[in-house]
Structure formats: structure tokens, C-alpha cells
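Taking it in order: structure first as C-alpha cells, then the write-up.
The values are calculated or read from the model by the stated rules, or taken from the named source; none is laboratory data. The structure displayed is predicted, hence computed values, not measured ones. Neighbour counts are summed over all protein chains in view; Cβ atoms, including those assigned to glycine, are modelled from backbone coordinates with ideal geometry.
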Amino acid sequence: MIILPFAIVAGLAACSAPTGPEGINDPYESMNRRVHEFNRNLDAKVVKPATSGLSSGSKDGKRGPASYALEGVGNFGSNLAQPGKAVNHLLQGRPEPAVKTTFRFLVNSTLGLAGFLDPATADFALPEQDTDFGATLAAWGVPEGAYLELPVLGPSTTRDTTGRVVDLVIDPMHLVLDLDEWLIGLGARVVAKAGERARFGDTVDSVLHESADSYAQTRLIWLQHRRHELGEEGEEIDPYAE
């Protein structure tokens, strides 16, 4: 288990492909476009209809019971992910956010009623500091690799896809929860993603269902956001180059 991350680093570094002139490395574009079309149809036929009534607000500014329930379930799933984030902060050589993330988990697991509430943010000034093993690989100097679009999960890269797998393996909650409990927590995180789809529905629709080339737009926006998130400037990407 200890050797696994280092083997991954070596493998990704060896397989890194050169980046194209627009700052996008997409050697699997043909396959990615087919997966994107599947994801776009899935969103149109399943995800969008299922989340259309779950937005956090309404036209009159009032929130319904479904909104509060969705927020609580999302908080619960997010809280169970905190120990894994603390591990990644440590692997990145960042002890301060690791300690704060650990305290956030302890506060919300107790005062926050198993994480359904978020007093860590509201009362203790301990907001979530998001990270993952993909960010850990970036901190270790592993290159981004090729762009990938994954079924259901959406945009990624070879580095981030590897990070998703490792995050599942190194999650400390495996030591505390049995398989059924861990899967419930994973399901809660999926519900939280549904809440994000509801909150940003207009933006998602404009990119995914209204743009001339939704694949190119999705790829561009996701890569720019991820690189900014990781502090990787990269080459400037012209959104009109496609």
C-alpha cells in the first residue's frame, strides 16, 4: 500500500504526452466525444429532470423542505470525506490544513449531528479546504497527462483519474465504517453533486445543451478551472480557438 503512490507517480510521468498548441492534451478526443455525448444525454434525460426541483432557493426567496434535506445529506457526505482530505493535505506537506480539516471533521461529527449540520464553518471558522489525491500528485510534480471524459463522472485527466482511484483506497473511513456504511456515505456525496447540478442549472444548461460545441466548451472550462485550482498556470487557452 505504501509503495502504490510512488509507482503511480513513476507510471504517469513516463506516460505523459506533450501538450498541444492550445494548451490542451487530448489524444483520445474521438473516444472522449462519444463519452461526452453519453453524459450529455444522461443529463438531459435523467439528471436534469431529477434535480429540477432541488435548487436551494425559489423565485420568492424561500427554501422548501427538499432544499434543506438535500443540504443536510450533502453535508453528511462531505463530512465523511474530510479524513481523506486531511491525509492528502499531509501528503502534500501541508500540516496546517490537515489539522484544521481534522478538527472540522470532529466538530461536525459531534456538534453537527454526524455531519448533517455544519457548525465548523458557521461557529468555528473552519471552512472546508478541498483537496484530493489528484492535487497530491500535482504537488509531487506529476504532469497533468491527457484529458479524459469519464462516463457519469465527467471531465478528468489521467492524473486526476488515478487520483480518484487512490482516494478510494486510502480513505481512512474504511477503518471505521463497514462496507454498507461506507457506500451510504458515498451515496450521500452523489446526492451533494445533484444539489450542485440544481444550484448551477442555468450555467450547466448553457454549456452542455446550448453551446455550439459542448464538448470543447466543457473541456476548456474544466481544464482552466482545475489548473487555477491547483495553481498551474499552463499556456493561455483561447476559448474561441475551437
Segment 195-216: number of residues that are part of a helix (DSSP H, G or I) and either of a type in the set (A, V, I, L, M) or within 23 Å of Arg33 (Cβ to Cβ) (or both): 11
Output the qualifying pairs, or none if there are none: Cβ atoms under 6 angstrom, residues six or more apart or on different chains, first residue in segment 36-65 and over 17 Å from Arg199 (Cβ atoms) and charged (D, E, K, R), second residue surrounded by 11 or more Cβ atoms within 10 Å (Cβ to Cβ) and at pLDDT 75 or above. Arg40/Leu208
List the number of the failed condition for Ala138; all other conditions in (1) in contact with a helix residue (DSSP H, G or I) (Cβ under 9 Å, 6 or more places away or on another chain); (2) farther than 25 Å from Asn39 by Cβ hold. (2)
Taking Phe124 and the conditions (1) touching a residue at least 40 places away in the same chain (Cβ under 8 Å); (2) closer than 29 Å to Ser67 by Cα, which numbered condition does it fall short on, given that it satisfies the others? (1)
Restricting to segment 178-194, name every residue that is assigned to a helix (DSSP H, G or I) and more than 10 Å from Val73 (Cα to Cα). Leu179, Asp180, Glu181, Trp182, Leu183, Ile184, Leu186, Lys193, Ala194
Only one residue in Ala198, Ala192 is under 29 Å from Ala139 (Cα atoms) and of a type in the set (A, V, I, L, M, F, W, C). Which one? Ala192
Residue under question is Thr161, and the condition is that it be under 22 Å from Val35 (Cβ atoms) and of a type in the set (Val, Ile, Thr); does it hold? yes
Out of (1) at pLDDT below 95; (2) in a helix (DSSP H, G or I), the one Asn39 does not meet is (1)
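Conditions tested, residue by residue: (1) among the small types (Gly, Ala, Ser); (2) assigned to a helix (DSSP H, G or I); (3) buried (at least 19 other Cβ atoms within 10 Å of the Cβ); (4) on the phi < 0 side of the Ramachandran plot.
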position	(1), (2), (3), (4)
Ala66	yes, yes, no, yes
Ala69	yes, yes, no, yes
Asn79	no, yes, yes, yes
His89	no, yes, yes, yes
Ala98	yes, yes, yes, yes
Leu106	no, yes, no, yes
Phe116	no, no, no, yes
Ala122	yes, yes, no, yes
Gln129	no, no, no, yes
I need the full set of residues from segment 150-177 which are outside any helix (DSSP H, G or I) and under 26 Å from Ala138 (Cβ atoms), in order please. Leu150, Pro151, Val152, Leu153, Gly154, Pro155, Ser156, Thr157, Asp171
Please find, among Leu148, Leu175, Leu126, the residue that is modelled with pLDDT under 95 and over 24 Å from Ala50 (Cα atoms). Leu175
